[in-house]
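The values are calculated or read from the model by the stated rules, or taken from the named source; none is laboratory data. Everything quoted here is computed from the prediction, not taken from an experiment. As a convention, Cβ positions derive from the backbone with ideal geometry for all residues, glycine included, and neighbour counts pool all protein chains shown. For the accessible areas, the whole protein counts, side chains as well, though only heavy atoms, and no ligand, DNA or RNA atoms are used. Shrake-Rupley method; radii C 1.70, N 1.55, O 1.52, S 1.80 Å.
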Amino acid sequence: MPQPSSVLERRHHEITASFESFVRRELVPLAAEIPEPVDGPPRDLRDYVRRRSATLGFYGAEYPESMGGAGMPVTALVQLHHAAGASGCPLAPYALAGPDGPSWLLTHGTARQIEEYLVPMVRGEKLRCLAMTEPGSGSDAFAMSTKARWDGDDWVLNGRKTFVSNAGHADYAIVVADVTDGPTGHGGATAFVMPLDHPGLRRGQQYAGMAGEPLFELVLDEARLPMAAVVGESEGIGSAVEYAMDSLAYGRLLVAAQCNGIAEFALREAVGFARERRAFGQVIGGYQHVQEHLVTARAGVETAKLLTLACAELVDEGLESGENAALAKLVATEVAVDVVDRALQVHGATGYVRGHPLEYLYRHIRMMTIIEGTSEVQKVIIARSMGLG
């Protein structure tokens, strides 16, 4: 059945179809071998998927070809993340770099930092994590207590970061700390890049999320770093807020795209089930209350897809604004939560059972309204753009 959003998906159809073929041909068979029940692919399998995808040009596709990427525009990248979510394959999201937007190293890093950290990441050889959130702050990410002071020829960092994804197996972290004093005479939130095996950095408490993905606390204890560890070196002191603003809109669009794909997959599962499952002498899709769930879900999916694709077009045209990305992220994540809930309701106990894809998605999708800025934060951004605060 033709869909309204397909009009905006035609431009990058070939690359999307190629990625979908890769997922079907290589990742679906691998995912079938993962024992049930499991809350995430084993680390070695994730690493293989990342490296294999990088070889094919999908992983880190937004990065320049000189780094091993494909130099894809945001519209193409949005469609790849949508395809990953829509595939229903638990390995597909690991075939694409994370949703945190263009790495701060790409936009502001030095040539040495790019070569040492970013190029291996684009090739699937290294994995990063972003350590910004702290125990005493969540959405107010830059109200931080982690400090960096200048001591002789080094920075000394002390503090704690929490809810750090990928920290269990990342090779390096971008750590944000508040510079209180330094050789340049100015301070503020500053981004540092440091290996995870640094002697002044250790993994603290581990948290298990609803969907099973582990999150970690990182503890910095008199961690000494040279000026060369500052993203952008001396020019990067006090610039972390600017760096974050540059990448937030981009990352929010990728979250929106993946949520749109997940919602599409959930809807497809629910429609298929409603066409076959019989109750009281007819298929349940013939009942008005079931139809209400499915039609409302389809309307939400198409609305979110069209909004996300339109915002991606604006980014590629250089006309992106923060409120547009906030709108796309808000609508797509909230719609996805609603659609997965409706799909599970249509399935009844069948979808509630451990091991069913909807059971996992029901736990997983809730996180999307929190990461990259909660729904409430997106509403604040949108309200301000309307002159309301």
Exercise for the section: Treating cross-link reach as a plain straight distance, find the lysines whose alpha-carbon is under 18 Å from the alpha-carbon of residue 147, omitting any fewer than eight places away in the same chain. Expected result: 161
Handout entry: Dipole magnitude of segment 154-310, debye to nearest 20 (Cβ charges: Lys/Arg +1, Asp/Glu -1, about Cα centre)
Key = 960
Exercise for the section: On the full set of protein chains, 1.4 Å probe, figure out the accessible area of residue 186 and give it in Å² to the nearest 10. Expected result: 80
Fill in the blank from the handout: Quick calc, the chain, dipole around Cα centre from Cβ unit charges on Lys, Arg (+) and Asp, Glu (-), nearest 20 debye, gives 1180
Practice task
Taking the dipole about the Cα centre of the chain, with the C-beta of Lys and Arg at +1 and of Asp and Glu at -1, give me whichever of 352, 76, 55 is farthest to the positive side.
Solution key: 352
Exercise for the section: Pull out a ≥ b ≥ c, the square roots of the eigenvalues of the alpha-carbon gyration tensor of segment 23-110, then state rounded if a/c is under 1.5, prolate if not and a/b is larger than b/c, and oblate in the remaining case. Expected result: prolate
Exercise for the section: Express in nm, to one decimal, how much length is gained between residue 376 and residue 171 on full extension, taking 0.36 nm for each residue of separation and deducting their alpha carbon distance. Expected result: 70.6 nm
Practice task
Just the Kirkwood number for segment 108-213, please: inverse of mean 1/r across all distinct Cα pairs, in Å, one decimal.
Solution key: 15.0
Exercise for the section: Would you kindly calculate the mean projected area, averaged across all directions, of the convex hull enclosing the Cα atoms of segment 277-366, in square nanometres? Expected result: 6.8
Handout entry: Anchor residue 305: aspartates and glutamates whose Cα lies under 15 Å away (excluding residues fewer than 8 positions away in-chain)
Key = 9, 264, 313, 334, 338
Fill in the blank from the handout: Taking only protein heavy atoms and a 1.4 Å probe, the highest-to-lowest accessible-area order of 243, 352 is 352, 243
Exercise for the section: Find how many whole Å separate the alpha carbon centroid of segment 123-187 from the alpha carbon centroid of segment 30-69. Expected result: 27
Exercise for the section: Have a look at the DSSP beta bridges in segment 128-198 and tell me what percent are antiparallel, nearest 5. Expected result: 65
Fill in the blank from the handout: Of the candidates 143, 289, 159, the farthest towards the positive dipole end of the chain (Lys/Arg Cβ +1, Asp/Glu Cβ -1, centred on the Cα centre) is 289
Handout entry: Farthest toward positive dipole pole in segment 111-249 [+1 Lys/Arg, -1 Asp/Glu at C-beta], among 182, 249, 230
Key = 249
Problem - Share of carbon and sulfur in the accessible heavy-atom surface of segment 268-389 [1.4 Å probe, %] - result: 59
Completion exercise
Using alpha carbon centers only, segment 80-99 is separated from segment 310-347 by a whole-angstrom value of 16
Practice task
Return the carbon/sulfur percentage of the accessible area of segment 126-180, one whole number, probe 1.4 Å, all protein chains in place.
Solution key: 44
Exercise for the section: For segment 197-256, report the translational diffusion coefficient in µm²/s to the nearest whole number, using Stokes-Einstein at 20 °C, 1.002 mPa s, and a Kirkwood Rh over Cα pairs. Expected result: 147
Fill in the blank from the handout: Using alpha-carbon positions, the gyration tensor of the chain gives root eigenvalues a ≥ b ≥ c; with a/c under 1.5 called rounded, otherwise prolate if a/b exceeds b/c, else oblate, the class is prolate
Exercise for the section: Have a look at 75, 184, 303 and tell me which one the Gaussian network model of the chain (Cα, springs below 10 Å) gives the largest fluctuation. Expected result: 184
Exercise for the section: Would you work out if segment 108-157 is rounded, prolate or oblate? Take a ≥ b ≥ c from the square roots of the eigenvalues of the alpha-carbon gyration tensor; rounded if a/c is under 1.5, else prolate when a/b is larger than b/c, oblate otherwise. Expected result: oblate
Handout entry: Sorted peptide list for 142-148, 337-343, 383-389, 200-206, criterion being average Cβ within 10 angstrom, highest first
Key = 337-343, 142-148, 200-206, 383-389
Handout entry: Accessible solvent surface per residue of the chain, calculated while the other protein chains remain in place, 1.4 angstrom probe, Å²
Key = 45
Practice task
Give, rounded to the nearest 20 debye, the magnitude of the charge dipole that segment 42-120 has about its Cα centre when Lys and Arg contribute +1 at Cβ and Asp and Glu contribute -1 at Cβ.
Solution key: 220
Practice task
Provide the solvent-accessible area of residue 165, counting protein heavy atoms only and rolling a 1.4 Å probe, rounded to the nearest 10 Å².
Solution key: 60
